[in-house]
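The values are calculated or read from the model by the stated rules, or taken from the named source; none is laboratory data. Here the structure is a predicted model, which is why all the values come from computation and not from measurement. Backbone-built Cβ (ideal geometry, glycine too); neighbour counts: all protein chains shown.
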Amino acid sequence: MEKKLQSKVLYDPESRGRGTAAVDVVLVHGLDGDLVETWAHTTTDTKPLRRVVWPETLLPKVLPRARVLSFGYNGDIYHNNSVAGIRGNAGALLSHLRSLRYGVDQARPIVFVAHCLGGLIVKQALCFADVDEHHQLIASATKGIMFFGTPHCGAEEAQWKRLAQRYSRLPGSRGQASLLLEALTRDSNDLAEISEDFCHVAPKYRIVSFFEEVTWLNTGELIVDMTSARLDVYGERVVPVGADHLGICRFADDNDMTFMSVWQEVRDVAPASAEALEIANEGDGGVGEKAELQSSDPVLREMPSVKGSADETGEKGKRSKGRRSRSIRGIFGW
């Protein structure tokens, strides 16, 4: 069945009687992903099997006033008739997010968490929002982005096809691969343009790029290596994760070091909401004490920032701004 564009609220503090949300965490899945399953960890060495969807269960324990939204699109590798592409899905993400934030404080911070292709969609969406008056409030409210295995510099097409052959939900006749696959190769024009455009807006956000350290199944290869997973922009944090390309954003419990990095980054990039979150935690069975004790993540604290020239970044943005303005007109029709 063809997947449709959709969004889902995975957790809303107001509906749980925990007050108004202090931050919106927006999840965007990747290639062949799903708006829920991408973030679900299943423990296979226990009976019965234990399934944990961390945005629904783990995150509310430590950040009870963080609303969690998930955006879904057709990222299937095979049997995908969608022609939306990265730009089309980026425009849809902005439209969905604008609707989900209707009637709420538009200054409420936004933190994006994106896996694989989802990171490219987020980058393009923020480039659009930066020059589109209808979505500039989203750009200004965005405080941070966490990329998980996002191929900023692309990957070899053969690697993606190996991933597709093993992971596709349709193991029978596979047919022609999705056009999205072409956008992820190292020589993709789309990939190069998105990366260049994003240099203009990247300094506005706190960025953490997580990269996989475990090879994919029996191929002995990484799907997205560190070189491709890092943006190389000023102030970026680059963090290794002891998991493969699919497991990089799945957490079994709240002791997972990567999960700790995630929730602490959400709190840290939303300083206006930090006090509110901690107050809510203190009234939630002692979780606030845990947040205080773990307020400085040793992994992120010791990882060096990627050095770069802010002036150079700004010059790249100036050169690309005109082209970005032209490309957005094709998406939003003006």
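Please go through segment 96-126 and pick out each residue that is in contact with a strand residue (DSSP E or B) (Cβ under 9 Å, 6 or more places away or on another chain) and surrounded by fewer than 17 Cβ atoms within 10 Å (Cβ to Cβ).
The answer is Ser99, Val104.
Cβ-Cβ below 6 Å, separation at least six or inter-chain, first residue in segment 116-143 and farther than 25 Å from Leu31 by Cβ, second surrounded by fewer than 20 Cβ atoms within 10 Å (Cβ to Cβ) and of a type in the set (Gly, Ala, Ser): which pairs?
Val131/Ser325
Is it true that some residue in segment 138-160 is modelled with pLDDT under 95, of a type in the set (A, V, I, L, M) and assigned to a strand (DSSP E or B)?
yes
Any idea how many residues of segment 213-241 are farther than 24 Å from Asp256 by Cα and of a type in the set (A, V, I, L, M)?
Qualifying residue count for the region: 2.
Identify, by number, the condition in (1) at pLDDT 90 or above; (2) surrounded by fewer than 21 Cβ atoms within 10 Å (Cβ to Cβ) that Leu93 doesn't meet.
Failing condition for Leu93: (2).
Filter segment 205-243 down to the residues that are surrounded by 17 or more Cβ atoms within 10 Å (Cβ to Cβ) and in contact with a Phe, Trp or Tyr (Cβ under 6 Å, 6 or more places away or on another chain), then identify the one that is farthest from Val62 (Cα to Cα).
Ile223
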